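The values are calculated or read from the model by the stated rules, or taken from the named source; none is laboratory data. If you're wondering where the values come from, they're calculated on a predicted model, not measured in any experiment. Cβ placement follows ideal geometry from the backbone for every residue including glycine, while neighbour counts extend to all protein chains displayed. Surface areas here come from the heavy atoms of the whole protein model, side chains and all, with no ligands, DNA or RNA. Shrake-Rupley method; radii C 1.70, N 1.55, O 1.52, S 1.80 Å.
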Amino acid sequence: MVVVIDDRENPKVINKMLVSFGDRKHNPAGQAEVRRLKAADYIIGDIGIEAKEINDLWKSILGIGRSRTIYAQLSDLCEAFERPMLVVYGTQIKVYQRPGAPRKNPRQVHARAHNVIKSFKQELYHRFPQIQFMQLNSMDEFVEYIAKVHHLQAIGQRLTMPAEIRKLPSGTDARVACLAALPGLTSVHAEAILEKYGSIPKLLRSKTSQASLMEIEGIGRKKAKTILSLRDLYES
(Lines give C-alpha, C1' and ligand atoms only; values in the text may rest on other atoms or scores of the structure.)
Protein backbone atom coordinates (compact mmCIF):
# COMPACT_ATOMS: atom_id res chain seq x y z
CA MET A 1 0.00 0.00 0.00
CA VAL A 2 1.57 3.27 -1.18
CA VAL A 3 0.73 6.82 -0.13
CA VAL A 4 0.78 8.92 -3.31
CA ILE A 5 1.54 12.61 -2.68
CA ASP A 6 0.95 15.48 -5.10
CA ASP A 7 4.23 17.20 -5.93
CA ARG A 8 2.64 20.64 -5.41
CA GLU A 9 2.02 20.00 -1.71
CA ASN A 10 3.79 22.05 0.97
CA PRO A 11 7.48 20.93 0.85
CA LYS A 12 7.55 20.69 4.66
CA VAL A 13 4.62 18.26 4.64
CA ILE A 14 6.16 16.25 1.79
CA ASN A 15 9.43 15.91 3.70
CA LYS A 16 7.62 14.80 6.86
CA MET A 17 5.65 12.23 4.85
CA LEU A 18 8.77 10.85 3.20
CA VAL A 19 10.54 10.58 6.55
CA SER A 20 7.51 8.81 8.03
CA PHE A 21 6.79 6.42 5.15
CA GLY A 22 10.07 6.17 3.25
CA ASP A 23 10.65 7.50 -0.26
CA ARG A 24 9.81 4.82 -2.80
CA LYS A 25 11.94 6.67 -5.37
CA HIS A 26 15.13 5.92 -3.44
CA ASN A 27 14.07 2.80 -1.55
CA PRO A 28 11.89 0.02 -3.04
CA ALA A 29 10.59 -0.69 0.45
CA GLY A 30 9.39 2.90 0.86
CA GLN A 31 5.65 3.46 1.14
CA ALA A 32 5.40 7.01 -0.24
CA GLU A 33 5.58 8.26 -3.80
CA VAL A 34 5.57 11.87 -4.99
CA ARG A 35 4.08 12.72 -8.38
CA ARG A 36 1.63 15.07 -10.08
CA LEU A 37 -2.02 14.27 -9.32
CA LYS A 38 -5.04 15.46 -11.29
CA ALA A 39 -7.30 15.42 -8.24
CA ALA A 40 -6.52 15.14 -4.50
CA ASP A 41 -3.35 15.91 -2.60
CA TYR A 42 -2.97 12.34 -1.34
CA ILE A 43 -4.18 8.95 -2.53
CA ILE A 44 -4.33 5.91 -0.26
CA GLY A 45 -5.99 2.98 -1.97
CA ASP A 46 -9.46 4.13 -3.01
CA ILE A 47 -9.32 7.18 -0.71
CA GLY A 48 -8.64 10.58 -2.26
CA ILE A 49 -7.64 13.22 0.30
CA GLU A 50 -7.74 16.98 -0.21
CA ALA A 51 -5.57 18.54 2.52
CA LYS A 52 -5.78 22.18 3.56
CA GLU A 53 -3.78 24.15 6.10
CA ILE A 54 -6.32 26.41 7.81
CA ASN A 55 -5.07 29.61 6.15
CA ASP A 56 -5.07 27.91 2.77
CA LEU A 57 -8.64 26.75 3.45
CA TRP A 58 -10.29 30.11 4.00
CA LYS A 59 -8.44 31.67 1.09
CA SER A 60 -9.45 28.75 -1.11
CA ILE A 61 -13.08 29.20 -0.07
CA LEU A 62 -12.96 32.85 -1.18
CA GLY A 63 -10.67 32.20 -4.15
CA ILE A 64 -8.01 34.62 -2.90
CA GLY A 65 -4.85 34.24 -4.99
CA ARG A 66 -6.13 31.04 -6.60
CA SER A 67 -7.49 30.13 -9.99
CA ARG A 68 -9.92 27.57 -8.52
CA THR A 69 -11.92 27.53 -5.28
CA ILE A 70 -12.18 24.68 -2.79
CA TYR A 71 -15.64 23.91 -4.18
CA ALA A 72 -14.21 23.13 -7.62
CA GLN A 73 -11.49 21.00 -6.04
CA LEU A 74 -14.00 19.02 -3.98
CA SER A 75 -16.20 18.47 -7.05
CA ASP A 76 -13.23 16.95 -8.87
CA LEU A 77 -12.42 14.87 -5.77
CA CYS A 78 -15.93 13.40 -5.64
CA GLU A 79 -15.86 12.52 -9.32
CA ALA A 80 -12.44 10.88 -9.17
CA PHE A 81 -12.65 8.82 -5.95
CA GLU A 82 -15.04 6.38 -4.37
CA ARG A 83 -14.09 7.67 -0.93
CA PRO A 84 -13.28 11.40 -0.97
CA MET A 85 -11.96 13.06 2.18
CA LEU A 86 -11.16 16.62 3.26
CA VAL A 87 -8.62 17.05 6.06
CA VAL A 88 -7.90 20.49 7.55
CA TYR A 89 -4.97 21.09 9.89
CA GLY A 90 -3.71 24.05 11.89
CA THR A 91 -5.45 26.54 14.18
CA GLN A 92 -3.60 29.85 13.81
CA ILE A 93 -4.98 32.38 11.34
CA LYS A 94 -2.09 34.41 9.92
CA VAL A 95 -2.30 37.99 8.70
CA TYR A 96 -0.13 38.67 5.66
CA GLN A 97 0.92 42.28 5.06
CA ARG A 98 2.15 43.18 1.59
CA PRO A 99 4.89 45.82 1.51
CA GLY A 100 3.33 49.21 0.81
CA ALA A 101 -0.25 47.93 1.17
CA PRO A 102 -2.67 49.47 3.70
CA ARG A 103 -2.33 47.97 7.16
CA LYS A 104 -4.88 45.26 8.00
CA ASN A 105 -6.57 44.95 11.34
CA PRO A 106 -5.60 41.46 12.63
CA ARG A 107 -8.81 41.09 14.63
CA GLN A 108 -10.94 41.83 11.61
CA VAL A 109 -8.97 39.39 9.45
CA HIS A 110 -9.25 36.66 12.10
CA ALA A 111 -12.98 37.23 12.54
CA ARG A 112 -13.60 37.19 8.81
CA ALA A 113 -11.56 34.01 8.31
CA HIS A 114 -13.32 32.15 11.13
CA ASN A 115 -16.74 33.21 9.85
CA VAL A 116 -15.86 32.07 6.33
CA ILE A 117 -14.70 28.66 7.61
CA LYS A 118 -17.75 28.29 9.87
CA SER A 119 -20.13 28.94 6.98
CA PHE A 120 -18.18 26.53 4.77
CA LYS A 121 -18.47 23.73 7.33
CA GLN A 122 -22.19 24.33 7.74
CA GLU A 123 -22.84 23.84 4.04
CA LEU A 124 -20.16 21.19 3.36
CA TYR A 125 -22.36 18.14 3.99
CA HIS A 126 -25.27 19.61 2.06
CA ARG A 127 -23.18 20.26 -1.03
CA PHE A 128 -20.88 17.25 -0.70
CA PRO A 129 -22.62 14.62 1.49
CA GLN A 130 -20.19 11.90 0.38
CA ILE A 131 -17.10 13.72 1.64
CA GLN A 132 -15.57 12.63 4.95
CA PHE A 133 -14.19 15.50 7.03
CA MET A 134 -11.47 15.65 9.67
CA GLN A 135 -9.83 18.65 11.37
CA LEU A 136 -6.54 18.44 13.27
CA ASN A 137 -4.50 20.89 15.31
CA SER A 138 -1.13 20.72 13.60
CA MET A 139 0.91 19.49 10.65
CA ASP A 140 2.42 16.74 12.81
CA GLU A 141 -1.06 15.51 13.78
CA PHE A 142 -1.98 15.52 10.10
CA VAL A 143 1.02 13.33 9.21
CA GLU A 144 0.13 10.98 12.06
CA TYR A 145 -3.48 10.79 10.87
CA ILE A 146 -2.40 9.92 7.32
CA ALA A 147 -0.23 7.16 8.81
CA LYS A 148 -3.23 5.75 10.70
CA VAL A 149 -5.43 5.79 7.58
CA HIS A 150 -2.62 4.11 5.63
CA HIS A 151 -2.23 1.46 8.33
CA LEU A 152 -5.92 0.57 8.38
CA GLN A 153 -5.96 0.38 4.59
CA ALA A 154 -2.83 -1.76 4.53
CA ILE A 155 -4.28 -4.38 6.85
CA GLY A 156 -7.49 -4.60 4.89
CA GLN A 157 -9.83 -2.59 7.10
CA ARG A 158 -12.24 -0.35 5.24
CA LEU A 159 -12.17 3.04 6.89
CA THR A 160 -15.60 4.60 7.29
CA MET A 161 -16.42 7.89 8.93
CA PRO A 162 -19.64 7.64 10.95
CA ALA A 163 -21.57 10.71 12.03
CA GLU A 164 -20.09 10.85 15.54
CA ILE A 165 -16.56 11.22 14.05
CA ARG A 166 -17.66 14.03 11.74
CA LYS A 167 -18.91 15.89 14.81
CA LEU A 168 -15.69 15.51 16.82
CA PRO A 169 -14.30 18.90 17.87
CA SER A 170 -11.13 20.36 16.45
CA GLY A 171 -8.07 18.87 18.13
CA THR A 172 -9.52 15.40 18.68
CA ASP A 173 -6.77 12.79 19.09
CA ALA A 174 -6.20 11.17 15.69
CA ARG A 175 -5.87 7.77 17.42
CA VAL A 176 -9.40 8.18 18.79
CA ALA A 177 -10.70 9.02 15.32
CA CYS A 178 -9.10 5.94 13.79
CA LEU A 179 -10.37 3.51 16.44
CA ALA A 180 -13.82 5.08 16.28
CA ALA A 181 -13.81 4.39 12.53
CA LEU A 182 -14.10 0.65 13.21
CA PRO A 183 -17.64 -0.71 12.78
CA GLY A 184 -19.73 -0.28 15.93
CA LEU A 185 -17.16 1.75 17.87
CA THR A 186 -17.57 5.37 18.97
CA SER A 187 -15.13 7.96 20.24
CA VAL A 188 -16.16 7.07 23.82
CA HIS A 189 -15.21 3.43 23.22
CA ALA A 190 -11.95 4.52 21.57
CA GLU A 191 -10.94 6.72 24.50
CA ALA A 192 -11.65 3.90 26.95
CA ILE A 193 -9.57 1.46 24.88
CA LEU A 194 -6.62 3.86 24.73
CA GLU A 195 -6.87 4.51 28.46
CA LYS A 196 -6.63 0.77 29.15
CA TYR A 197 -3.99 -0.25 26.59
CA GLY A 198 -2.01 2.99 26.16
CA SER A 199 -1.68 2.99 22.38
CA ILE A 200 -2.93 1.34 19.20
CA PRO A 201 0.32 -0.66 18.65
CA LYS A 202 0.12 -2.06 22.19
CA LEU A 203 -3.49 -3.05 21.63
CA LEU A 204 -2.74 -4.68 18.28
CA ARG A 205 0.49 -6.40 19.31
CA SER A 206 -0.58 -7.61 22.74
CA LYS A 207 -2.32 -10.92 23.39
CA THR A 208 -5.53 -9.15 24.20
CA SER A 209 -8.38 -11.47 25.16
CA GLN A 210 -12.02 -11.04 24.32
CA ALA A 211 -12.87 -11.10 28.03
CA SER A 212 -10.37 -8.32 28.72
CA LEU A 213 -11.90 -6.10 26.07
CA MET A 214 -15.40 -6.79 27.35
CA GLU A 215 -14.38 -5.35 30.72
CA ILE A 216 -14.54 -1.94 29.03
CA GLU A 217 -17.96 -0.35 29.38
CA GLY A 218 -19.90 -0.53 26.12
CA ILE A 219 -17.69 -3.21 24.56
CA GLY A 220 -19.71 -6.38 24.02
CA ARG A 221 -18.85 -9.65 22.36
CA LYS A 222 -19.34 -8.37 18.79
CA LYS A 223 -17.24 -5.22 19.28
CA ALA A 224 -14.52 -7.22 21.03
CA LYS A 225 -14.35 -9.64 18.11
CA THR A 226 -14.07 -6.69 15.68
CA ILE A 227 -11.10 -5.33 17.61
CA LEU A 228 -9.45 -8.74 17.87
CA SER A 229 -9.82 -9.36 14.15
CA LEU A 230 -8.00 -6.07 13.54
CA ARG A 231 -5.17 -7.23 15.81
CA ASP A 232 -4.98 -10.60 14.05
CA LEU A 233 -4.68 -8.91 10.66
CA TYR A 234 -1.96 -6.65 12.04
CA GLU A 235 0.06 -9.60 13.40
CA SER A 236 -0.29 -11.58 10.16
_Set R127, R103, R107, R158: member being modelled with pLDDT of 90 or more, over 17 Å from E53 (Cβ atoms), open to solvent by 30 Å² or more (accessible area, probe 1.4 Å) and over 14 Å from the mean Cα position of the chain (by Cα)_ = R127
*Quick check, is H150 touching a strand residue (DSSP E or B) at 6+ places or on another chain (Cβ under 6 Å), at pLDDT below 90 and not hydrophobic (A, V, I, L, M, F, W, C)?*
yes
_Subset of the stretch 167-183 that is surrounded by 14 or more Cβ atoms within 10 Å (Cβ to Cβ) and not hydrophobic (A, V, I, L, M, F, W, C) - its residue that is modelled with the lowest pLDDT_ = T172
*Pairs, please: C-beta under 9 Å, at least 6 apart or cross-chain, first residue open to solvent by 80 Å² or more (accessible area, probe 1.4 Å) and in the stretch 8-21, second basic (K, R)?*
R8/R36
*Go through the stretch 87-100 and count every residue that is open to solvent by less than 70 Å² (accessible area, probe 1.4 Å) and either at pLDDT 80 or above or in contact with an Asp or Glu (Cβ under 8 Å, 6 or more places away or on another chain) (or both).*
5
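Conditions tested, residue by residue: (1) open to solvent by less than 10 Å² (accessible area, probe 1.4 Å); (2) without any contact (Cβ under 8 Å) to a residue 12 or more places away in the chain; (3) closer than 19 Å to V87 by Cα.
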residue: S187; (1), (2), (3): no, no, yes
residue: K196; (1), (2), (3): no, no, no
residue: P201; (1), (2), (3): no, yes, no
residue: K207; (1), (2), (3): no, yes, no
residue: Q210; (1), (2), (3): no, no, no
residue: E217; (1), (2), (3): no, no, no
*Determine which member of the set A40, A32 is within 20 Å of C78 (Cβ to Cβ) and not acidic (D, E).*
A40
_Top-ranked residue in the stretch 30-72 [being among the small types (G, A, S) and under 22 Å from A111 (Cβ atoms); ranked as least open to solvent (accessible area, probe 1.4 Å)]_ = S60
*Any idea how many residues of the stretch 26-53 are within 14 Å of the chain's Cα centre (by Cα) and in a strand (DSSP E or B)?*
10
*Determine if the stretch 75-86 includes at least one residue that is open to solvent by less than 60 Å² (accessible area, probe 1.4 Å) and charged (D, E, K, R).*
yes
*Which of the residues spanning the stretch 54-89 are assigned to a helix (DSSP H, G or I) and of a type in the set (D, E)?*
D56, D76, E79
